[in-house]
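Some notes on the structure that comes next.
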Amino acid sequence: MSAAGSRSQNRHWLLPLALVAVATAPLVAQALTIRTVADALHVQARGFSFIEGPVLTRLREGRSVRIDFEMTVLSKPEGPVVKQTMQGFTLSFDLWEERYAVSRIGSPPRSISHLRPRDAETWCLENLTLPVSSLGFSRDTPFWIRLAYHVPDIGPEASEAPGERYTLRGLIDRLSRRREEADLAKSVDAGPFRLP
Amino acid sequence: MRTLALLFVILGLPLAAANAQEADAPEGAIIDVVEMSGFSLYSLSPGLQKDINSLVGAPFSREGLNQLASRIEQEQPDVVAAVRGVSRPDGKARVIFLVARISDDTNLAENINARYIVETVDIEGSYNEISQQLRDDLQKLVGRRLDTEEAERLQERLKTELPGRAVARRISKGSQTGRIRVVFEIFEEPWIRFVPPKSKLVYHSQQGWSGVLDIPITASHSRHRFTAGVVFNDIDDLIEEYSGFRLAFESRVIGTERFGARLEFSRYNESWEDATLTALASSSGVPELYRNRLTFEPTATFAFNSSVRISGGVSLSELESLSNSPNSQMANAWVLGISGDHLWKGSNEVRQRAEASYQLRAAIDGLGSDLVYKRHLGQARYQIDQGRSTAIASLSLGYITGDAPLFERFSLGNSTTLRGWDKYDIAPLGGERMFHSTVEYRFYNVGMFFDTGSVWDRNSDSKLRYSTGFGVHTDNFFLTLGFPLNNNHDSGPIFMAGVRF
């Protein structure tokens, strides 16, 4: 007969709650810092990587990837939007140089090449700015920032080919990687900040 | 930088055409003129300026010049640089550095590999139906700088000429430095899909652990697949707790993509919960328990299109009696199913997916079945994703007539249904009727759900049960705390966690 006949009646569910908290912790663990250069508010994000997963796969196949960024200044956590800016970038990977190139979409266009992955990510954030004067904040006004990106048009062929997930290799890949959709969009909130 | 000798990029090609009468400078020819096109020499560092100026009077070296072009790019990462050496009538060499800003060239800004010359264009996969005109146009990419827009247009034309297939494009290095190979990959999008693996490691705070490992073995893009599965212990799926193995062979294309087949053989050893044994002692009309379950299930599937499929076959099961071994009973059923699914990809990142299926399992005398019954199961699921939000709604309805064995009876209260309830508290023998619905909302990977369901027998009353809870859900991993809402007993929440893959 079943050993499970003496099923546990354990009612201590604080441990699961703690596990929930631990599992969700990575969502808020990324750190944002801000700096101002003249009238431009810049954001720096440690651990906010986006050249990975299906984006990296597509780049390594010599294809370009568009990534749209959004920086939002909030007056409270999850609160009203004070100001928002959006900027798109096109990334590609130079197959012979084995370095990344980034182009800022829009006017005026700017491009750069020969970058390592982290440098390419940093360059994108450096080109995402908000005018400090448009915020209307005094130096002691607290505010919060939401930084987000998404990859709008990555094709299904960029992620995995039909049938691939059913190979042993595909199975191992699925076990070892994060959900792909999570690699195509990310957002992080931080604050309070004050203008330096 | 590796050599850019083959790059007559940017301004290079027009310049080369204009100077077509001028031959390339030979190695060792003395350089008497150095020019820079499209860029000011004085924008470079003094050291690099000096090295470029010192070329005058030096012997022509392709390798050395390429290294200088590389240094220009490293100092000025917003440009690309190439070098051209032209032979002059007096035998000396004229060197031109061709420099251009990436942002001034739409193709380069779109993809930095547009600086390279296409060496070959290849097509991988099944492409016999492609027109000669399209083949010719594909080959026109060869020998030119990569035109990403033209490559995109050709990819769309391939999709048009190959309906029902996916077309991907990738670029790889060519055989020589500065050359690239463009590959268009054609994939068949199968109308009949393989049955997903059921691998899992699941913990339920009331029911314990379940562990299943399915190992699918197939070549990538294969039409056939073999699966070997080991069920270490599964108490999550059915009212019985079982372990054993299964082997399955599937073919999703037999002559045509509309027709597929599947064979599965399994052997499981059963064990039973005390609650089930107690309930069985006071119940009539439920077939006897079994210690082993041996099943052979051949089925065939026909696809009307990529969304709708119908399948049919038989399921032959031998159930070795628990109390009267080695006697056994046969549960042999016709299996008939129809399923459909559709995915909508709208604007604003909205993705909607709808799935519906109905299955009938009819065990009759004609198949030599000792147990005669019919089992109907209808299921529907809808999911909408927008940005970071996901909403899911699902509905299941089940109905059994006759004397169905325990593995066919419905149960609710596991890691996917009536989360927060224990199925052995609801119906330790399972039931002949079943209703279940779920509404779930997830933001990021954190979700909340509300489950409703009832499982009952034909001669008993139905009682609707509710549960709610929250947890973390990723593609593979879940961690859930479920609360029963209308439980009269003093039972707390149920914790569930695990991976499915």
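Read the figures in this text as sums done on the coordinates, not as results from a lab. Keep in mind that this is a model prediction, so the values were computed, not measured. As a convention, Cβ positions derive from the backbone with ideal geometry for all residues, glycine included, and neighbour counts pool all protein chains shown.
Summary table below
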item: Subset of segment B:102-115 (residues that are assigned to a loop (DSSP other than H, G, I, E, B) and under 32 Å from the mean Cα position of the chain (by Cα)); result: B:Asn111
item: Hits in segment A:59-105 (condition: surrounded by 18 or more Cβ atoms within 10 Å (Cβ to Cβ), part of a loop (DSSP other than H, G, I, E, B) and at negative phi); result: A:Glu61, A:Arg63, A:Ser64, A:Leu95, A:Trp96, A:Glu97
item: Test: B:Phe435 is of a type in the set (Phe, Trp, Tyr), part of a strand (DSSP E or B) and out of contact with any Pro (no Cβ under 6 Å at 6 or more places or on another chain); result: yes
item: Cross-chain or 6+ apart pairs with Cβ under 7 Å, segment B:464-486 first and without any contact (Cβ under 8 Å) to a residue 60 or more places away in the chain and facing chain A (nearest Cβ under 10 Å), then surrounded by 18 or more Cβ atoms within 10 Å (Cβ to Cβ) and of a type in the set (S, T, N, Q); result: B:Gly471/B:Thr480; B:Val472/B:Asn445; B:His473/B:Asn445; B:Thr474/B:Asn445
item: Candidate set: segment B:187-211, residues that are of a type in the set (Phe, Trp, Tyr) and at the interface with another protein chain (Cβ under 7 Å from one of its Cβ atoms); chosen: the one nearest to B:Val499 (Cα to Cα); result: B:Phe194
item: Boolean, B:Asp90 is farther than 28 Å from A:Ser111 by Cα and touching a strand residue (DSSP E or B) at 6+ places or on another chain (Cβ under 9 Å); result: yes
item: Residue selected from segment B:375-389 under the condition crowded, with 17+ Cβ neighbours inside 10 Å and away from chain A (no Cβ under 14 Å), by the criterion nearest to A:Ala148 (Cα to Cα); result: B:Leu377
item: Residues of segment B:146-186 satisfying the condition of being assigned to a loop (DSSP other than H, G, I, E, B), over 29 Å from B:Ser311 (Cβ atoms) and away from chain A (no Cβ under 11 Å); result: B:Asp147, B:Ser175
item: Test for B:Ile392: is it aliphatic (A, V, I, L, M), surrounded by 17 or more Cβ atoms within 10 Å (Cβ to Cβ), touching a strand residue (DSSP E or B) at 6+ places or on another chain (Cβ under 8 Å) and within 22 Å of B:Ser284 (Cβ to Cβ); result: no
item: Subset of segment B:262-278 that is within 14 Å of another protein chain (Cβ to nearest Cβ), surrounded by fewer than 18 Cβ atoms within 10 Å (Cβ to Cβ) and not charged (D, E, K, R) - its residue that is farthest from B:Val372 (Cα to Cα); result: B:Thr278
